[in-house]
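What follows is one structure encoded as structure tokens, with my remarks underneath.
Here, each number is a calculation from the coordinates, and none is a lab measurement. Quantities reported herein were computed from a predicted structural model and do not represent experimental measurements. For neighbour counting, all protein chains shown are included, and Cβ atoms are generated from backbone atoms with ideal geometry for every residue, glycine included.
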Amino acid sequence: MTQHRILLIVSGGIAAYKSLELVRLLKRQGIAVRAVMTESAREFVTPLSLGVMTEDTVYGDMFDLKEEREIGHIQLSRQADLVVICPATANILAKMAAGIADDLATTLLLATDKPVLAVPAMNVRMWQHKATQRNLAQLRADGVTIMEPDEGAMACGEYGPGRLPEPPAIVERVCAMLGHGFNPALTASPRRPDNAPLAAQPDFTESSHRPLHGKHVLITAGPTHEAIDPVRYIANRSSGRQGFAIAQAAAEMGADVTLIAGPVHLATPPGVIRIDVESAREMLAEVEKALPADIAIMVAAVADWRAAEATDQKIKKGGGAIPPLLLTENPDILASLATHSQRPGLLIGFAAETENMVAHAQAKLVKKGCDWIVANDVSDDVMGGANNAFHIVTAQGVESWPESPKDVIARKLMEKIADAVL
């Protein structure tokens, strides 16, 4: 049977990072993907990262003569069975509705004779704006399929319709439009029921390409929220993206992965058992339940302190003195694992630093009793950004890695871990 092919156009919204997961899941379904990125999309996802996922050239420049001679924008627009714009920003939807072709992406959309699926993602106010709704009505009249966005919390802090649908749902829609048999097991995101054995996790890849097959990898990710009262809490800026990327890379390498996640709005990587928690104490309890593990990677940015006594009612602001907030120290999950009777064979901690990264990480390595410390500089929006840079600190020395997309860094780290445990 001829393999179905899609042309994926990635436009410049914060949800662009999900295009990497979308490509991976499409390929699991046996669908080939070729990608085009707008200029603004490159501010969120690198062409290198998307190229690694598609295993193909990523296009973006209308005036790249080498590409134009070899393929041509007309040919590129018609080689696929389906064109998918994901995420589709308000800007690109407006251009499509008006027939504007001022870059490679919009030119391809104007030149294609294939079905088009737009998957919008934008701020709730932009989604509800009359201009956007007018553009959507025009596109529907023109034959473009619009996948309705999800409703929920957004990166900007608002809540409502406008969130990009989760990649598995997009894959299911793509398969339906192609008439391509959809296998839900290949996009499933299982969660462990209480006391369920890890063996319940489905097998997603061939064992011959799984260097961590049979290994249990335990990962923590995201922040913790420590209650002050029913509406306030102590937290940090961790997005959880690096930990989720590491979990995804570990699963792809065949590991049985348990991901203990703080409060984040991220899709569960396929093949990963996810357990959600709020506080540091809850995270420690779930980590201990998940033992034994061959490898533990403590990526979560656990709050160092919590309120000594969280109140049952909201603390009111009065006209007098500011009420004191007494703090107490949270449990040290990494140090607890280092002395645990079921200590993982390889125990890795993370150190988010704003200065003297290597020196602080070396001190933490000794203090915590772990095997590696992964140090990174969080002084420049790394916690919410798409890229990261690592210093791997061990008793043998320091290995520094340049800034790269978080998924690329994750894969590189898991390859290093596989080399260390095999």
Seminar exercise, completed: Computed from the beta carbon distance with a Förster radius of 41 Å, FRET efficiency for Ala111 and Asp312 to the nearest 0.05 stands at 0.05
Seminar exercise, completed: Once both label points are put 7 Å beyond Cα along the C-beta direction, the Gln138-Ala321 separation in nm becomes 6.3
Exercise. Quick one: what Rg and Dmax do you get for region 343-422 from the alpha carbons, in Å?
Worked result: 12.4, 36
Problem set entry | Net charge, Leu136 excluded, C-beta distance under 14 Å - Lys, Arg +1, Asp, Glu -1 | +2
Exercise. What number, in percent, do you get for the relative contact order of the chain if the mean sequence gap of Cα pairs under 8 Å and at least 6 apart is divided by its residue count?
Worked result: 11
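On a full-extension model of 0.36 nm per residue, what is the gain between Arg125 and Arg237, subtracting their alpha-carbon distance, rounded to one decimal in nm? Write down the numbers at each step before the final one.
Values: separation 112, 0.36 × 112 = 40.32 nm, distance 2.43 nm.
Taking 0.36 nm per residue and subtracting the Cα distance, the gain is 37.9 nm.
Let me know the whole percent of all Cα-Cα pairs from region 208-249 that are separated by more than 15 Å.
Numbers: 506 of 861 pairs.
Across region 208-249, Cα pairs with separations above 15 Å total 59 percent.
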Problem set entry | Inter-label distance for Glu399 and Ala420, nm, one decimal - labels placed 7 Å from Cα along Cα-to-Cβ | 0.8
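Between Asp332 and His213, what FRET efficiency follows from the Cβ-Cβ distance if R0 is 30 Å, with the result rounded to 0.05?
0.40
Using the Cβ atoms and a cut-off under 12 Å, what net charge is assigned to the surroundings of Arg173, where Lys and Arg are +1 and Asp and Glu are -1?
On the way: positive: none; negative: Glu148, Glu166, Glu172.
Spelling it out: positives minus negatives among the neighbours equals -3.
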For this session: Go ahead and collect, in residue order, the members of region 226-268 whose backbone nitrogen is under 13 Å from a label point 7 Å along the Cα-Cβ direction of Trp305.
Result: 234-235
Exercise. Name the residues of region 168-189 whose amide N is less than 16 Å from a point 7 angstrom out from the Cα of Glu148 along the C-beta direction?
Worked result: 169-170, 173
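Provide the FRET efficiency to the nearest 0.05 for the Val358-Glu39 pair, computing r from the beta carbons and using R0 = 41 Å.
Details: r = 36 Å, r/R0 = 0.88.
Computed FRET efficiency for Val358 and Glu39 comes out at 0.70.
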